Amino acid sequence: MEMSCKDGKQPIMDNGKYVRYTPEQVEALERLYHDCPKPSSIRRQQLIRECPILSNIEPKQIKVWFQNRRCREKQRKEASRLQAVNRKLSAMNKLLMEENDRLQKQVSQLVYENGYFRQHTHNTPLATKDTSCESVVTSGQHHLTPQHPPRDASPAGLLSIAEETLTEFLSKATGTAVEWVQMPGMKPGPDSSGIVAISHGCAGVGARACGLVGLEPTRVAEILKDRPSWFRDCRAVDVLNVLPTANGGTIELLYMQLYAPTTLAPGRDFWLLRYTSVLEDGSLVVCERSLKNTQNGPSMPPVQHFVRAEMLPSGYLVRPCEGGGSIIHIVDHMDLEPWSVPEVLRPLYESSTVLAQKTTMVALRQLRQIAQEASQSNVTNWGRRPAALRALSQRLSRGFNEALNGFSDEGWSMIGNDGMDDVTILVNSSPDKLMGSNLSFTNGFPAVSSAVLCAKASMLLQNVPPAILLRFLREHRSEWADNNIDAYAAAAVKVGPFSLQGSRVGSFGGQVILPLAHTIEHEEFLEVIKLEGVGHSPEDPIMPRDVFLLQLCCGMDENAVGTCAELIFAPIDATFADDAPLLPSGFRIIPLDSGKEASSPNRTLDLAAALEVGPAGNRASSDHSANSGCTRSVMTIAFEFAFESHMQEHVASMTRQYIRSIISSVQRVALALSPHLGSQAGLRSPLGTPEAQTLARWICQSYRSYLGVELLKSNGEGSESILKTLWHHSDAIMCCSLKALPIFTFANQAGLDMLETTLVALQDITLEKIFDDHGRKTLCSEFSQIMQQGFTCLQGGICLSSMGRPVSYERAVAWKVLNEEENAHCICFMFINWSFV
């Protein structure tokens, strides 16, 4: 028992007596605590021997002191956490009150306008309106806009434009200038991404986000103004002129370029004015708008390969928050000139939801990610700072965009095709592209590659959600990739030992996935892929070697509306340095329909069998087909390879055929995943297979036999009804094989969600991989009881999903599943009240 003491000494009760520690003893114990907060009994004995000042203290007293010290530390952290939560709730309450005031003003304005128009309609006959001089929009044609006199672009004129931009931006951020509606798929209120809304009934596309971030206003503005660091579609932002203002603000003239997301559309560029100022209440404002139709000042002529888009008044309002942090309002409002792209792609340029997903929410997420990194350990289990891992992700994405767009000012040039225009081949021989892309082999001889080739293509997909297709491409690389091509791509990087320090979270058909990092909402994963025995060493061409890829995976959440799904990877060398040379390749799948998908992320249930047997034997799910609307998406593929200049024709031919084979494989996979095409071919639901129904019956019978209670509420006696009820059970239920290394063989919907996998990929996950060391030891000690007694109950704990995310569960039950002959068939686990940590 411990008592507080004003003089800092620690009284401990031992056999009814209190012993007070001297300040020197407390200081020594504190030093030891920081070195080892939870010493073992042997370590405590050693501490007493090593510190003479503690020699008169019993080991039991030392043990109690450390227990109390850990308890105080835990209480301190919890108090700090609660204070932070309280500050956040106070700030969010203020934000919601302001939002409520804005909505009340908007309601009042709408009520007034409604009454006015009613009265006007009753008192005035309908007039015929001549629209011959107004703006007209026709399919495939440019907007005919009314002519306005040129604006003055002198310093005084730019200040006038800046003040006007500030007023219009604030009216959008906190006023009623734009009608904002809740973004589809977002929970109302302050969820994890803040309050996100999209524009309704106004020109162009618009999105607005409000949230709380744990950064000071000046730091927030600094991050957001550096747009290329967080907006991966941004190719460059050039500041061409800076003008100080009398009120301490700055006016900047910017030229910004955005990458095109596919090969089917040109990039966008903007000629912008950016105004940074501080309001009277101390809020920091950064607002922007396009400069057009100006005179008496600088201008930006049209640039080849880009379409000039317009940014309507947009920006960031950042207010300091009591107790630290900032409340931020973000507004993005643009006219992306959809007339300039094929009609099938226009939803990408006319959707405010897409703008919110690609730009507005990304900005807010970047701020929250940086704030979280600042409050946590600076080094990950791979020995790298989070900022360095984010930089690697940025380099992968940027390199993929560069290859996809192939701008001539970066050294790309197109070479002739083979009579078909389905695959575009570009070559880049510039020194900047080659610098570092293949430095040398470990024997010191320089690599002979002198150029980089990129093959790219785009294809339209029907009725397959991007998240499902991307997950399959990630987990079943062997279905589309060629090991020989992977080995060829890896030959441009160094050969040597590779230290795998991460936790192995999955093994899918010869590839091992090891996580590096993920964003706070898990929209994005950075991982290392080990392809075992694929490549060959230049010193010993006969000896196979492993190939390693750095891989970026994002957009796997099927419930997110308008999310682009990407799988981008690049061979990495043995050093895996932060500045390791990268030649990114991969896939980008962009949904063209703004409606929310209603299908399940686990439709790859029996895809392996479908791919082997063909359409007639496919058992893909048809349960979801009735609920899924017709969905369209565009997939863009780009692959880069380093090559020797004299091998250009050979490499181009090889790459062209490889891209065509990938397209064929993707089409085959998409056909198997599609619920509509599958149902037309007479496919059966995987939940209706006799094997699954039999297993469900065995699971329930064994549970009742060993635990004496029913697992399921009775909804019917048929096997199909039992399987359906088991599949939709709220707790995670999963079975594993009775082997030396148990692997999972079945899981219900909750189990697949908990493991973040599919039924096909489930069979690549071993039981031991989802438990930590403590969980594995507990399981080993209880396994014999399961086999003898038939069941066991496990205390709550932590396990890992296939993505490496920690999952907590309140308790778990494991029981032996018996078949018809009363022989052990498998072990079944049920994780009760699980949730992601």
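The values are calculated or read from the model by the stated rules, or taken from the named source; none is laboratory data. Just so it is clear, the structure is predicted and the values come from calculations on it, not from any experiment. Cβ placement follows ideal geometry from the backbone for every residue including glycine, while neighbour counts extend to all protein chains displayed. Accessible surface areas use protein heavy atoms only, side chains included; no ligands, DNA or RNA. Shrake-Rupley method; radii C 1.70, N 1.55, O 1.52, S 1.80 Å.
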Report summary line: Computed over the stretch 155-376, the relative contact order (Cα-Cα under 8 Å, seq sep at least six) in percent reads 24
Query raised in the report: Can you give the Kirkwood hydrodynamic radius for the stretch 30-107, in Å, rounded to one decimal and based on Cα pairs?
Result: 16.2
Query raised in the report: Roughly what would the spin-label model give for residue 691 and residue 821, points 7 Å off Cα along C-beta, in nm?
Result: 1.8
Report task. Round to the nearest 0.05 the FRET efficiency obtained for residue 20 and residue 84 when R0 = 41 Å and r is the Cβ-Cβ distance. Result -> 0.70
Report summary line: In whole percent, the fraction of accessible protein surface over the stretch 713-837 that belongs to carbon or sulfur atoms, probe radius 1.4 Å, stands at 50
Report summary line: Taking r as the C-beta separation of residue 281 and residue 171 and R0 as 25 Å, the FRET efficiency to the nearest 0.05 is 0.95
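Under a 1.4 Å probe, what is the accessible area of the stretch 690-836 per residue, stated in Å²?
46
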**Report entry** Extension gain, residue 385 back to residue 292 (0.36 nm per residue minus Cα-Cα distance, nm)
**Finding:** 29.2 nm
Report summary line: Per the 1/(1 + (r/R0)^6) rule, R0 = 56 Å and r from the Cβ atoms of residue 664 and residue 222, FRET efficiency to 0.05 is 0.70
Report summary line: With every protein chain in place, the accessible area of residue 375 for a 1.4 Å probe, in Å² rounded to the nearest 10, comes to 90
Query raised in the report: Points 7 angstrom from Cα along the Cβ direction at residue 832 and residue 101: gap in nanometres?
Result: 5.0
Requested in this report: Leaving ligands, DNA and RNA out of it, report the carbon-plus-sulfur percent of the accessible area of the stretch 30-107 at a 1.4 Å probe.
Outcome: 54
Requested in this report: Kindly identify the stretch 263-419 as rounded, prolate or oblate by the Cα gyration tensor criterion: order the square roots of the eigenvalues as a ≥ b ≥ c, call it rounded if a/c is under 1.5, otherwise compare a/b with b/c, prolate if a/b is larger, else oblate.
Outcome: oblate
**Report entry** Under the Debye formula (equal points on every Cα, no solvent term), log10 I(q)/I(0) of the stretch 155-376 at q = 0.11, 0.14, 0.16, 0.17 Å⁻¹
**Finding:** -0.53, -0.88, -1.17, -1.32
Report task. Evaluate the distance, in nm, between pseudo-label points positioned 7 Å from the Cα of residue 344 and of residue 73 along their respective Cα→Cβ axes. Result -> 6.0
Report task. Quote the accessible area belonging to residue 195 in square angstrom, nearest 10, computed with a 1.4 Å probe and with ligands, DNA and RNA left uncounted. Result -> 20
Query raised in the report: When the chain is fully extended, how far beyond the present Cα-Cα distance does residue 243 get from residue 479, taking 0.36 nm per residue of separation?
Result: 79.3 nm
Report task. Multiply the residue gap between residue 422 and residue 304 by 0.36 nm, knock off their C-alpha separation, and tell me the result in nm, one decimal place. Result -> 40.1 nm
